[in-house]
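**Student:** Below is the structure I would like to discuss, written out as C-alpha cells.
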Amino acid sequence: MKNIIIIVFAVLLFSQFVDAKVDPFNTYRWNRENVQNSSSRTQKGNWYEWWYYKVVIPETKESFFFVYGVVNPQDTHKQLKGTRSYVGMGDFTAKEQVEHTVSIDDFHAKYDRTYVEVDGHIATDKNLTGNLTSEEGKNYYWDISVQRNWTFNATGWATGKNITNIEWYPAQADATCNGVIESNGKLYHLVDAPCYQDRNWGSSFPKWWTWIVSNHFKGHPETSIAIGGGHPKYFNRNLPLKGVAVGLRHKGKVYDFRPNDFDKVKIDINFGKWEVIAEDKNYRLEISATAPKSSFMDLQFMTPTGEIFHDYETLTGKLTVKIFKKKGFIVRKWVLEETLYSDLAGIEYGSREVKEIFNIKAKL
C-alpha cells in the first residue's frame, strides 16, 4: 500500500511538472475562457490567430518562413469573406511563396499544449511539417524539429488581457532548428540553424506594425533580440497610443523594455532603415537595422473582414545593438559597454496602405 501511495504521489508531481511546462500563450486562444470554464458558450466577434516560424542558414544566408493560421473560427456558416484556415511557406532567396487555404473545419488546435493542424499539416513547439504544391506544380516540403532557448514576453502583465486588438508573443524568440526543407527544387539540411517562433492573435489588425529579431550575432551564439509593436486599437478604440517592446538576452542577462511598464522606447522608421532607442533608469539600447528594399518580400495576411494587410519582411538584414549602462555617483552618464552585430536579422513593416510602405517615415 505504501508503494502505491508513493507511485501515485510521484505521478501527481510529474503531472504538475508537465502542466507547468505548457506555455498558455503558445496554445489556442480563441474561445479559451469558455472551454476552461466548461461553458457551452462560444466566443463571438471576428478573430484570427497564427503560429509563425522562421529559419535561416548562416553559411549561405538562405532563409524561410512557415505559418499556420485560422481566421474567424466562430463563422461556422461561412458568412465572412476572410473566414478560412491556412498553411503557408516562403523562400526568401527564391522570392517564392505558397499557401494552402482550406475550410475552418480543417483546422484543429489544442488548449492544453502547442498543437496546430491544418488539413494534415502539423505544427507544435517542437516540430513542424508540411507538404505543399504551388499552382505551377512546384513542390515544397519541410520536416523540422525546434529546440526552444528563450521566450520573451513582449507585453508582460498585459499579455492575454485583450487590451489591444492584436497581440504578439515571441514564444520562441531564440530557438535552434534541425531537419529538412525542400524548396524550388533544392533540398536543404538544417543543422543547429538559428530559428524563431511567435504567436499573433486578436480581433482586427493594427494601423501598422513593425518587427526586428535576430538570434545570430557575431561572436555571441547565445545572444538574441526581439522587437515588436505598432499602432493597435485599445479596447477596440482608435487612440493615438503607439508602442514597441524590446527584449535582448546577452551573456545570461535579459534587458527588457516595455511601454506598458513606462520604459522609454523610441523608434524611427524610414523604410530600409529602422532606428530604435530603448531606455530605463539603468540601461540604454541603441539599435539600428538596415536592409535593401530588394530583399523584402510581401507577406500578405487577410483580415477577418477580407482586407489584405501587406507585411514587408526580410530575414537577412544587418543589425547593430549598442548597450549602454548609466554610471557615476555625482554626475551619472551613459557609458558604452558593448556593441553587437548581426547580418541575419529579421526586419519587417506591415500596413494596409501598400502604396505608402516604401515611402514610410514613422516615428514614436
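What follows is calculated from the coordinates using simple rules that are stated; it is not laboratory data. From a predicted model like this one, the values you see are computed outputs, not experimental measurements. Note that we place each Cβ from the backbone using ideal geometry, even for glycine, and neighbour counts take in every protein chain shown.
**Student:** Check cross-link reach from K78 to the lysines: straight Cα distance under 16 Å, and skip same-chain residues fewer than eight apart.
**Tutor:** Qualifying lysines at Cα under 16 Å: K44.
**Student:** Can you compute the FRET efficiency between D261 and R352 using 1/(1 + (r/R0)^6), with r the Cβ-Cβ distance and R0 = 25 Å? Round to the nearest 0.05.
**Tutor:** About 0.30, to the nearest 0.05.
**Student:** So if we plug the beta-carbon distance of H108 and E33 into 1/(1 + (r/R0)^6) with R0 = 22 Å, what FRET efficiency do we get, rounded to 0.05?
**Tutor:** Efficiency at R0 = 22 Å is approximately 0.70.
**Student:** Further question on the same structure: Give the Cα extents of the chain along the principal axes, in whole Å, largest first.
**Tutor:** Here the Cα extents, ordered largest to smallest, are 65, 64, 46 Å.
**Student:** Quick one: which residues, 5+ away or cross-chain, put their amide H under 5 Å from the amide H of I122? H built at 1.01 Å from N.
**Tutor:** For I122, whose amide H was placed from the backbone, the distant partners under 5 Å are T129.
**Student:** Compute a Gaussian network model of the chain, connecting alpha carbons closer than 10 Å, and tell me which residue from P58, P170, P194 fluctuates the most.
**Tutor:** Comparing P58, P170, P194 in a Gaussian network model of the chain, the most mobile one is P58.
**Student:** Under 19 Å from the 7 Å Cα→Cβ point of H189, by amide nitrogen: which residues of the range 65-84?
**Tutor:** Within reach of a label on H189, which here means backbone N under 19 Å from a point 7 Å along Cα→Cβ, the range 65-84 contributes nothing.
**Student:** Also, I was wondering about something else. Please report Rg (one decimal) and Dmax (integer) in Å for the Cα set of the range 170-280.
**Tutor:** Looking at the range 170-280, its Cα Rg and Dmax stand at 16.7, 49 Å.
**Student:** Once phi is turned into ³J(HN,Hα) by the Karplus curve 6.51 cos²θ - 1.76 cosθ + 1.60 with θ = phi - 60°, what whole-Hz value does each residue of the range 248-261 show in order, with x for glycine and proline?
**Tutor:** 10, 10, 8, 6, x, 10, 9, 9, 10, 9, 10, x, 6, 9
**Student:** Within the range 234-306, list the trypsin sites (Lys or Arg not before Pro) lying in a DSSP loop whose Cβ has at most 14 other Cβ atoms in a 10 Å radius.
**Tutor:** Those that pass, being in a loop and sparsely packed, are K251, K281.
**Student:** A follow-up question, please. Report ³J(HN,Hα) in whole Hz for each residue of the range 27-34, in order, from the Karplus equation J = 6.51 cos²θ - 1.76 cosθ + 1.60 where θ = phi - 60°; Gly and Pro get x.
**Tutor:** Once rounded to whole Hz, the list reads 10, 5, 9, 5, 6, 5, 4, 4.
**Student:** Let's test the formula: R0 of 25 Å, r as the Cβ-Cβ distance of K44 and E307. What FRET efficiency results, to the nearest 0.05?
**Tutor:** 0.80
**Student:** Can you give me the distance in nm between label points at E222 and K253, each placed 7 Å from the Cα along the Cα-to-Cβ direction?
**Tutor:** About 1.4 nm, to one decimal.
**Student:** Label point 7 Å out from K281 along Cα-to-Cβ: which residues of the range 324-341 have amide N under 17 Å?
**Tutor:** So the set is 325-334.
**Student:** Please build a GNM for the chain, connecting alpha carbons under 10 Å apart, and tell me which residue among T290, T60, T159 fluctuates the most.
**Tutor:** With Cα springs under 10 Å in the chain, the top fluctuation among T290, T60, T159 is at T60.
**Student:** Here is a follow-up. Between V87, V116, V331, which gets the highest mean-square fluctuation from a Gaussian network model of the chain, Cα cutoff 10 Å?
**Tutor:** So, out of V87, V116, V331, the one fluctuating most is V331.
**Student:** Given Cα pairs under 8 Å that are at least 6 residues apart, what percent is the relative contact order of the range 77-181?
**Tutor:** 17
**Student:** Sticking with this structure for a sec: Nothing charged except the Cβ atoms of Lys and Arg (+1) and of Asp and Glu (-1): what's the magnitude of the dipole of the range 119-179 about its Cα centre? Round to the nearest 20 debye.
**Tutor:** 260
**Student:** Looking at the range 42-141, which GluC sites (Glu not before Pro) are in a loop (DSSP not H, G, I, E or B) and have at most 16 other Cβ atoms within 10 Å?
**Tutor:** E59, E135, E136
**Student:** Work out from phi, with θ = phi - 60° and the Karplus expression 6.51 cos²θ - 1.76 cosθ + 1.60, the ³J(HN,Hα) of each residue of the range 66-75, listed in order in whole Hz, and give x for Gly and Pro.
**Tutor:** 9, 9, 10, x, 9, 10, 6, x, 7, 8
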